[in-house]
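All of the numbers you see were taken from the coordinates with simple rules; none came from a lab. Not measured: the values here are computed from a predicted model. Here Cβ is always computed from backbone atoms with ideal geometry, including for glycine, and neighbour counts include all displayed protein chains.
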């Protein structure tokens, strides 16, 4: 089955007919369908499938005689809410297609090659990005993960159970993995600017999520004089504008894209506004300073409004520098440029766990991602498959 | 059954154990329970009960020989999301208790007295405040109401059906109603400042709800440069702050208490932010000017952000001046002060429909309403019952 045929298979799964975006939250029926699709694709290729308690999957190609440290590649199949088609699936489909290409070329790897799919990479349901790879590498423990609830109050274990997974089945082992290469659609415009279809990643910016809880006093929107209010919406609004201004000043990134208001009624001053800050900077120190500065702005405004602000770090990931030797040797294969990214990836988690890791990017003409407008041209996708086949052939030889 | 006993009956219905606030949205199980409670209270008093297609109710006391234009009193039993105990139920319970007081006093009304309960007064579910009384008076038509959907996409007719109501049963008739008096907890602090338990209403400020839809472009919160964004959250935040500032400058009221964000993901720049403006002013002209000014601020900021703003009036109610002769004659009964209110009420709808209408307010020591902190002391509630009994005795004699 060709890249294009696999891509057509995935097109309708979890797709909103109104926006054209994808809702492939982990352990929903859409994501279960993707897991079944991957299992079928693996079996059709004679690959050996492993699935763990979380629904993480690896499909192994172990040609006779292949031995030693294995080469892992792959990405994820879940999406953000109303996300694009490419973020995640492109890396998985390209990995399967790259194996097909290698077989057509008659390559005989001397090491096992695994295609991995880690769950909840986006953190769109349980709030912690890369939850699947974090658990597999031990970056997060089961004991802390099992306490997590989604927005509807569903506990992680119940979500796994509902998806037909067995929480007692244990987790994938990455013992024996010699290196990891993740192919991903680019989420900016560096490759467009450089006019090339494929690139390699140098590093991931430090980034994290902080929950800002502004609390005030619920009251009647009509009868309460403006000067008698303690309105947390105002404290939030001023903080969101301050975050934008700070990030622009420093050339970093700060976003409030998610908000939860109580009671969220038209004719009531809210009692609480919770909002999530996504912040990313070029260094760990800059990130700490940016969040500190935004929190200070929030505190100052809250004091003025008679409200209170509490800031909770939900996840913070330090800078990830991909394996320099590995990246340099791969760059030589295709003369690919090496660029930084501000997006988190499972590759960052595996790199932090001590596995030599690299990333390949495929050009995105819009530069837009986490949106239905996310795009990669088919010719570029196929160039990505060829590049990945070259890389895997080199690493597994 | 005493006022206190009825109040105890209602205490647990639809109450959140975490906040202590009430969730008595129309045609939910909590509100159906209140409707059943009212029917039982009416029957226990030998009152004649009418219930219409919407679940509006009137319990009639028709002593033998009573004739001529009837006297209607009552309020509502639904609440805002996480609302207080008094807004609505105080007027209904006080009306039943006032009939008990009149009977104990041996009053023999010469006109029928009705206790009414109009549904969806708060507009907390289908977005149009006073929906029940609007339909009964013809201010809103069935044809437009039946198109309404709640936040979950449930249509009005399906909600009625689910609550066991018969949408084909027709609506209450207010023919023959000579006047309407609604007792309500005060939602400000005028009576506290004047140190009296009971007051009368002069007028309701003009007020309304406008939906502000800010549209931009969804994108990745990490990889999208600040200068490449079209982020509707920023346009919204600046507009919310401008609304607050404008209302403070003019001594009016403007509130953004409800917001809906798409896709509402932590790591995505939103594609759309919808927010509801509640605005109230001392005159119709001032209200139009305030909303116009806030919209202009929103447009200006949207232009700067590369987003777009569309403003939709969801409901606008002009100034209501309660019947001056009626109010003057009632004020003489108890030497009660006459004060304005910024809150909408079914009394405003009935007044607009040409029924001579007055309102009694009961002191609220916190001044807080639409919140679990809403309060009226029992002594003041009982003073309200006595006042209402005096008023009804006078009007029905």
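A few comments on the model shown:
- Here segment A:138-181 is scanned for amide nitrogen atoms under 17 Å from the site 7 Å beyond the Cα of residue A:62 along Cα-to-Cβ, giving A:172-179.
- Euclidean distance of C-alpha centroids, segment B:4-62 and segment B:80-138, integer Å: 10 Å
- Choice from B:290, B:156, B:241 showing the highest fluctuation, given a GNM over chain B with Cα pairs closer than 10 Å: B:241
- Taking 0.36 nm per residue of sequence separation and removing the Cα-Cα distance, the residue A:193/residue A:328 pair yields an extension gain of 46.5 nm.
- Computed P(r) (all Cα pairs; chain A; 20 Å bins; percent): 27, 55, 17, 2
- The C-alpha atoms of chain A define a longest principal axis, and helix A:29-44 lies at about 10 degrees to it.
- Neighbouring partner chain Cβ atoms per residue of B:211-221, average, 10 Å criterion: 6
- This ranking places B:131, A:287 by how few other beta-carbon atoms lie within 10 Å of each, fewest first, which gives A:287, B:131.
- Taking label positions 7 Å along the Cα-Cβ direction at both residue A:228 and residue A:1, the computed distance is 6.5 nm, reported to one decimal.
- Residue with peak Gaussian network fluctuation, chain A [Cα springs, cutoff 10 Å], from A:17, A:119, A:28: A:17
- Shape category assigned to segment B:222-265 from the gyration tensor of Cα positions, a/c cut at 1.5: oblate
- In this structure, residue B:288 and residue A:249 have a Cβ-Cβ separation that, at R0 = 41 Å, corresponds to a calculated FRET efficiency of about 0.60.
- You can think of it this way: the chain between residue B:311 and residue B:155 has 53.8 nm of extra reach, that is 0.36 nm per residue less the Cα-Cα gap.
- The value for segment B:207-317 of Rg(Cα) / (2.2 N^0.38 Å) is 1.10.
- Three-way shape call for segment A:71-122 based on the alpha-carbon gyration tensor, with the a/c threshold at 1.5: oblate
- In the protein assembly as shown, the DSSP beta bridges split such that about 70 percent are antiparallel, to the nearest 5.
- Whole-Å semi-axes of segment B:69-220's equivalent ellipsoid (Cα gyration tensor): 33, 23, 14
- Length added when fully stretched, residue A:394-residue A:169, from 0.36 nm per residue minus Cα-Cα: 77.6 nm
- The distance from the alpha carbon centre of segment A:225-239 to that of segment A:190-215 is 33 Å, rounded to a whole number.
- In plain terms, the residue of A:9, B:278, A:380 with the fewest other Cβ atoms within 10 Å comes first and the most crowded comes last, giving A:9, A:380, B:278.
- Note on residue A:296/residue A:19: beta-carbon distance plugged into 1/(1 + (r/R0)^6) with R0 of 41 Å gives a FRET efficiency of 0.65.
- Chain B - mean residue ellipticity at 222 nm from DSSP helices (-39,500 (n - 2.57) per run, n ≥ 4, rounded to 500): -11000 deg cm²/dmol
- Shielding by partners, peptide A:52-64 (average Cβ within 10 angstrom, other chains): 0
- Helix B:378-395 and the long axis of chain B differ in direction by around 60°, with both axes built from C-alpha atoms.
- Hydrodynamic analysis of the protein assembly as shown uses the Kirkwood radius over alpha carbon pairs. Inserted into Stokes-Einstein at 4 °C and 1.567 mPa s, it gives a translational diffusion coefficient of 45 µm²/s.
- The GNM of chain A, with springs linking C-alpha atoms under 10 angstrom apart, assigns the highest mean-square fluctuation among A:318, A:344, A:114 to A:318.
- Viscosity 1.567 mPa s, 4 °C: Kirkwood-radius Stokes-Einstein D of segment A:110-159 over Cα pairs, µm²/s: 110 µm²/s
- Paramagnetic label zone (point 7 Å from Cα along Cα-to-C-beta, residue B:378; backbone N under 11 Å) in segment B:8-43: B:8
- Across chain A, the relative contact order, built from alpha-carbon pairs under 8 Å that are at least six residues apart, equals 23 percent.
- Förster radius 22 Å - calculated FRET efficiency between residue B:11 and residue B:100, Cβ distance, rounded to 0.05: 0.70
- Averaged over peptide A:71-80, the number of partner chain Cβ atoms lying within 10 Å of each residue's Cβ comes to 1.
- Over segment A:351-397, the Kirkwood radius and the radius of gyration, each from Cα atoms, give a ratio Rg/Rh of 1.09.
- The angle between the Cα long axis of helix A:89-105 and the main principal axis of chain A comes to about 10°, on a 0 to 90 degree scale.
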